[in-house]
Amino acid sequence: MGLLSTPAFEAARPAVAGLRGRGERIGFRPRSMEGWVITRTPEALRWERGPVEADVVVSGTVADLMLVFSRRVPPQDDWVTVTGDRALLDHWLAHTAL
């Protein structure tokens, strides 16, 4: 997530600019620890660790969340739970494909 939020990454992969937004928040909530929240701002992506309150939240084990995040497991897989704005998650996954 840190890589996606750096200006250098956006310069190397201009399609990442499509991830900017108007404050939409995407959360990844592991079962055993604090989660991560990505905020899509007009200027750049921001991310932080902590309690997950977001427009869409993906919950599961850390390993399963990373599999969804890297598009190796579809978010409709039984191993994770998606709540909230599913279209926002689908947009994120489509635009993070490298």
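Rule-based calculations on the coordinates, nothing more; no lab input. As the structure is a computational prediction, the values presented were derived from the model and not from experiment. Note that each Cβ is placed from the backbone with ideal geometry, even for glycine, and that neighbours are counted across all protein chains shown.
General observations
- Dividing the Cα radius of gyration of the chain by 2.2 N^0.38 Å, with N the residue count, gives 1.00.
- Bridge orientation summary for the chain: considering DSSP beta bridges with both residues in this region, about 75 percent are antiparallel.
- Loop-exposed trypsin sites (Lys or Arg not before Pro) per DSSP, neighbour cap 14 Cβ within 10 angstrom, longest uninterrupted part of the chain: 32-70
- Each residue of segment 46-56 was assigned a 3J(HN,Hα) from its phi angle through the Karplus curve 6.51 cos²θ - 1.76 cosθ + 1.60 (θ = phi - 60°); the sequence is 10, 9, 8, 9, x, x, 9, 10, 8, 5, 9 Hz, with glycine and proline shown as x.
- Given charges at beta-carbon only (K, R positive; D, E negative), |dipole| of the chain in Debye: 180
- In segment 1-82, GluC sites (Glu not before Pro) in a DSSP loop with at most 16 other beta-carbon atoms within 10 Å: Glu34, Glu43, Glu53
- Loop-located chymotrypsin sites (Phe, Trp or Tyr not before Pro) in segment 66-98, at most 14 other Cβ atoms within 10 Å (DSSP): Trp79
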